[in-house]
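Heads up: the structure comes next, in C-alpha cells.
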C-alpha cells in the first residue's frame, strides 16, 4: 500500500511537473518498465487535461499565429544562410587564394627553420638577430614590411591625433574669445540697464523743490510749503503734463494767454542753436552768483516763494507775482551752465499779473546740471532768483512765447 | 424483405460514439505531430487551429493576463515545433503533451513574478480569483459539451479537493505550500490532489459512458 501510494504520489508529482531533473529521469525509467505505471500516469494526465478543458474558452488573436510563423521562419534561416555562405566561399576563388597564402607561409617557415639560429624563433624581430647570421631575406623583408606598416599606421594615428588636438585647441581659443566678448557685452548691457533704470527712476519721480539760493548749492531741498495759489498752480501744471488739462486755443497757437484756470503756462521750447549770453550779462550773472554764495544769509526771495516741480524729467517753476518775488513786468531768465564754463540762456519770459508756471522739456538724457533763474526788475536791476538741480542736461532752448 | 437500400444502420450509441470520436481526435493530433516533426508547417497550422483555443484558455486561466498568455502561447507552439520529434503516443495523448508544455511555460512565468507568500490569506485570494474567472468566462465564450462536462466535474469535487487541485495545477502551488496555507498535513494534501485528478478522470469516463 505504501509503495502504491508512494508510486501514486510520484506519478502525481510527475504529472504536475514537480520533479527535479534527476527524479524525472528516474521516474521515466520506471515508466518504461511498468505498463501499470504508464496507465496511472495517463489517467492522471487526463484528469489534468479535464481541469485545463474546464477553463472558459477564448480565442487567441491573429497576431499570435503570426508571431509563431515568424519565430519558426527565423529558426530556419540561419542554417541555410550559413551553409550558403560557406558554399559560396568554396566556389569562389577565395579558397584558392587562402590555400596559396597558407602554402607560402609554410614555405617561409620551413625555410626559416633551416637556419639553426632561428629554429626556436622562426619569425623573430630583426633586432634579436645579429647581421650576417643567415636570416632569411623573405622573413626579414616580411618583418620590415610589417614593422614599417605598423610604424606607418602608428604615424597615421599620431598625425590624426595631432590634427584633432590642434583643431580642439583652436576651437577652445575661439570659444574663450567668444566668452570674453559675451562677458563684455553682458557688462555693457548691465551698465546700460542700470543707467536706464536710474534715469527712468529719476525721470519718473515727482519732486517738489524750491528755487534755492546759490549758497545752498541748488539742492532745493526745503520744508517750505508753497502758498495755496502756488500749490494750485503746480497741481494744474501736473494735470497738464498728464494730459488731463487740454491746452486752449491760445496756447496751441503759441501764445501764453491766461487760460480758464487762471494760471499761465509757459513752455520754453528747445533751440537748435546755442544762445550764449553776451559777455556783459555773463559777467553780471557770475558776479551775482558769487555774491549769493558769499552772502551770510540766503535771499528771502529765493527761499520761500518759488516752488519747482520736477516731473518726468520736465522742470516746472511756479511764480506768483503777488508775493513780490518776481514783480509783474519782470523779465525772468533761465540759464544753464556754470561759472567756469559760462552760462547759456535757455529762455526767458516776462511776468504777467497771473500766477505763471514755466516749464522746460529736456532734449536728451544725460547727467544733470543746474538751472539758474534770474530776473530783470522793472527798475532794471538784475538779480539771481536761485538755482535748481536738473535731472538731465538741458540743451539751450529758444526763448519763446514771452508774455507781452 | 429489407433491401440494402432499406436497411437501417444504427450508428454506435452514446459512449461508443464518443470513444470513437476521442480516438479519432487523438489519432489526428498524433498524425499532425508527426508531420510537424518532419518540418511540415501546415501541420503546425492545422494543430494550432484545432487545439489553439483550448491551450490559450488554459494559459489565460493560469496567468490571468492576456498579453502574457499570448506570449506563452507563442512559445508553446514554437516548443511544439522543436520537440514534436520527441512525442511518444504510447506515453501520453497529444493534448496532454501539449498541455504540459504550455503549463510548464506558464508556471515559469508565474515563478518569475514576485515571490508568493504561501499564507492562508494568499490561498483564499487565489481561490477567489479562480472563481471569478470561472463566472466571467462562462458568460463570454461558447463552450462545447466536453468543456461543460469538465467544468461540471471540477465543480462537483469536494470544495477542499477542488481548491487544492486547481491551485496545484493552475497556479503552481506545491503540496507543501498548500498544506501550510490550509494548515493540514502534507500527506493529506498529496492524497487529496491525487484523488481529485483520478476523480476527474473517472467522471469524464462516466460521462462518455
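Laboratory data are not the source of any read-out in this text; all were calculated from the coordinates shown. Predicted, not measured: the structure shown is a model, and the values here were computed from it. A quick note on method: Cβ atoms are made from the backbone with ideal geometry, for glycine too, and the neighbour counts reach across all protein chains shown.
Starting with the fewest neighbours, write out B:146, A:211 ranked by other beta-carbon atoms found within 10 Å of each beta-carbon. Don't skip to the answer; put the middle values down first.
Working: B:146 19, A:211 29.
Going from least to most buried by this count: B:146, A:211.
Put a dot 7 Å past each Cα toward the Cβ at residue A:39 and residue B:188; how far apart are the dots in nm?
3.2 nm
Rank these for me by crowding, B:29, B:22, B:108, going from fewest to most other beta carbons within 10 Å. Present the calculation step by step, with values, prior to reporting the outcome.
Working: B:29 21, B:22 15, B:108 12.
With the fewest neighbours first, B:29, B:22, B:108 line up as B:108, B:22, B:29.
Please sort B:66-75, B:120-129, A:168-177 by packing, taking for each peptide the average over its residues of neighbouring beta carbons within 10 angstrom, highest first. Mind showing how you got there, number by number?
Values: B:66-75: 19.8, B:120-129: 14.3, A:168-177: 10.0.
The densest-packed peptide leads the list: B:66-75, B:120-129, A:168-177.
If neighbour count is taken as other Cβ atoms inside 10 Å, put A:225, B:189 in order from fewest to most.
On the way: A:225 12, B:189 24.
Ranking A:225, B:189 by Cβ neighbours within 10 Å, fewest first, gives A:225, B:189.
Would you kindly state how much longer the chain becomes between residue A:182 and residue A:21 on full extension, computed as 0.36 nm times their sequence separation minus their alpha carbon distance, in nm to one decimal? Each step should come with its number before you reach the end.
Values: separation 161, 0.36 × 161 = 57.96 nm, distance 7.36 nm.
Fully extending the segment from residue A:182 to residue A:21 adds 50.6 nm.
Within 10 Å of each Cβ of A:6-15, how many other protein chain Cβ atoms are there on average?
Working: counts 1, 0, 6, 6, 0, 2, 10, 5, 1, 7.
The shielding value for this peptide is 4.
Averaged over B:93-103, how many beta carbons belonging to a partner chain fall within 10 Å of each residue's beta carbon? Can you show the working numbers first?
Values: counts 4, 0, 5, 10, 1, 2, 6, 8, 0, 1, 5.
Average neighbour count from other chains, rounded to a whole number: 4.
Report the FRET efficiency, 1/(1 + (r/R0)^6), for residue B:67 and residue B:41, where r is their Cβ-Cβ distance and R0 is 22 Å, rounded to 0.05. It would help to have the intermediate numbers written out before the result.
Values: r = 25 Å, r/R0 = 1.15.
After rounding, the FRET efficiency stands at 0.30.
Take peptide B:188-200, look around each residue's Cβ out to 10 angstrom, count Cβ atoms belonging to other protein chains, and average those counts. Provide the component values of the computation, followed by the final result.
On the way: counts 0, 0, 6, 4, 0, 7, 11, 3, 3, 14, 7, 2, 10.
Whole-number average of other-chain Cβ neighbours for B:188-200 is 5.
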